[in-house]
Amino acid sequence: MADDELEAIRRQRMAELQSKHGSLSWNQMTPGDSSNDQQGQQEAKQRETEMRNSMLAQVLDQSARARLSNLALVKPEKAKAVENYLIQMARMGQLGGKISETGLIDILEKVSQQTEKKTTVKFNRRKVMDSDDDEEDD
């Protein structure tokens with residue numbers, strides 16, 4: 001094939017891709033990366049978030065929700081762990097009604113105890129040659 005034919009095919013293919021995917025340039029496109037996949041992932045993430053929020057709204061009263069949202073601002077990983085714990089308990093039917101703020105505080109303490117990091121400090125003292133220790137008294 002001649003270079004002119006290859007260039008014509010490339011331009012035609014580029015025009016097809018641009019009309020299909022919008023005005024993305026050739027450099028911006030990557031294999032397997034389409035706006036439909038990204039949009040689908042965003043929608044799935046949004047549905048999951050809505051499902052979590054609705055389940056937590058059913059399980060927690062208003063003051064407990066406020067405390068959990070405040071915790072999420074300060075320590076998001078701890079809030080996520082508590083949310084997962086509450087959702088798991090709700091799915092297993094272990095919760096008997098809405099949890100109050102004091103009940104949430106108890107759960108927070110349990111989670112804190114489970115995830116508490118124990119820090120230890122170990123001193124490695126090196127024996128250094130001191131002039132005082134080496135001197136022998138005659």
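Of note:
- Label point distance in nm, Lys127-Glu50, each placed 7 Å from Cα along Cα→Cβ: 7.2 nm
- Sorting Leu95, Leu73, Leu6, Leu60 by accessible area puts them as Leu73, Leu6, Leu95, Leu60; the probe is 1.4 Å, largest comes first, and only protein heavy atoms count.
- Scalar couplings 3J(HN,Hα) for segment 95-104, obtained by applying the Karplus form with A = 6.51, B = -1.76, C = 1.60 to θ = phi - 60°, are 9, x, x, 6, 8, 7, 5, 5, x, 5 Hz; x denotes Gly and Pro.
- Largest-first ordering by accessible area, 1.4 Å probe, given options Glu7, Glu48, Glu83: Glu48, Glu7, Glu83
- Of the whole protein surface, Val121 contributes about 120 Å² of accessible area at a 1.4 Å probe radius.
- Amide H partners (placed H, <5 Å) of Ile99, local residues excluded: Leu60, Asp61
- Nearest-10 value in Å² for the accessible area of Ser63, using the 1.4 Å probe: 50 Å²
- Residue-level accessible surface for Arg10, protein heavy atoms, 1.4 Å, Å²: 150 Å²
- Inter-label distance, nm, simple model (7 Å from Cα along the C-beta direction), Glu77/Met92: 2.4 nm
The values are calculated or read from the model by the stated rules, or taken from the named source; none is laboratory data. Computed from a prediction, not measured in an experiment: that's the story for all the values here. Neighbour counts are summed over all protein chains in view; Cβ atoms, including those assigned to glycine, are modelled from backbone coordinates with ideal geometry. The accessibility values were calculated without ligands, DNA or RNA, using every heavy atom of the protein model including side chains. Shrake-Rupley method; radii C 1.70, N 1.55, O 1.52, S 1.80 Å.
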